[in-house]
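Here is the structure we will look at.
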Amino acid sequence: MNYKAVNIITGENQLKKGSIVSYPNRGNYGNANYSGNCTGEIIKDLLTFYKPTKFVECFSGSGTGMDVAKALGITNSVHLDLNNGFDLLKDEIPTGFDFCFSHPPYWDIIKYANHQYQTTEDIQKSDISQIDSYEEFITKLNNINLKIYNSLLNNGRHAILIGDVKKKGKYYSTFKDLEFYGDIESHVIKVQHNTSSSKKNYSNYNFIPIAHEHLIILRKRSIWQLPVTVVEKVNKSIKESLLISWRELLQASLQHLGGTATLNEIYCLIHDSTKAQKNQYWKEKVRQTLQIHNNFESVERGVWKLSIA
Ligand SMILES: C[S@@+](CC[C@H](N)C(=O)[O-])C[C@H]1O[C@@H](n2cnc3c(N)ncnc32)[C@H](O)[C@@H]1O
């Protein structure tokens, strides 16, 4: 890759300074009117930091990466998007590259095919931003990321820029839910600018607007091994936990019972808990805990209340 034009670009590389980056100006790359476009500055910083031999961009959108490549004098890069006829779900990514930058849709927050550009119905079906189910979106994006990993040269890197989503009051953490293939080499937080949420006034809402994205740098360090980071979601039972304290168990019990309860109601509720099962004097332990902690208040003999002082 030819980096002869690097010095025409001014500005310091933010990745040299640390893992929080902020680019208030998107630079003169790509098309600012293409919704969900990213700043070319981050791609420029990545390319000048890692200096790969061959750069492939997946989900290239409005051509931001291509414009950066041109500005850096790079002539052998490849830029793949449904809008230029490349379907990352079906088509084979060209092999022989040591760096991939990808910027997938933030689930269905912005729809692309036949919204940002006109295309056939068939192509629209491959657009992962039009998948209604979040779980299916994650599965399809995992498949694409695995494809990127497989086509990457050993020692190469995949830098993926992703955003979490808040929808109908629920937080969807793409960062937590995606599988990561290869070693996580860096996790950079990118401050978001000019988002539609930043222009709204959320003073009546009780959630924190999302104002950052995640840039994860994954490194392929083995030709044959596939290290996968998977986050497993399990629902554990508090009652079956041995790590819970008596105080926490009783707080949960009183909350469950509406704030005030008789000792008998508490006994009934927790008699099958692991803590009670493991202690033959568990009823005594319940009474002692209620008496010694100031977040429990005696209402009358045998009746206890949760006190939030
Ligand atoms: C967040 S945008 C990328 C924006 C880009 N970084 C820019 O600055 O313009 C996501 C892109 O994913 C593309 N896309 C969605 N599904 C795809 C698929 N199956 N194959 C290839 N591209 C896809 C969309 O066409 C859209 O351009």
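The values are calculated or read from the model by the stated rules, or taken from the named source; none is laboratory data. Please read all numbers here as calculations on a predicted model, not as lab measurements. Positions of Cβ are generated from backbone atoms using ideal geometry, with glycine treated the same way; all protein chains shown enter the neighbour counts.
Looking at this structure, is residue 189 modelled with pLDDT of 95 or more and exposed (fewer than 12 other Cβ atoms within 10 Å of the Cβ)? So residue 189 fails the test. So the check is Cβ under 6 Å with 6+ separation or different chains; which pairs have a first residue in segment 139-155 that's outside any helix (DSSP H, G or I) and a second one that's surrounded by fewer than 16 Cβ atoms within 10 Å (Cβ to Cβ) and at pLDDT 95 or above? Correct list of pairs: 154/223.
Does residue 3 satisfy the criteria of being within 30 Å of residue 111 (Cβ to Cβ) and either at pLDDT 95 or above or away from the ligand (no atom under 16 Å from the Cβ) (or both)? Criteria not met by residue 3.
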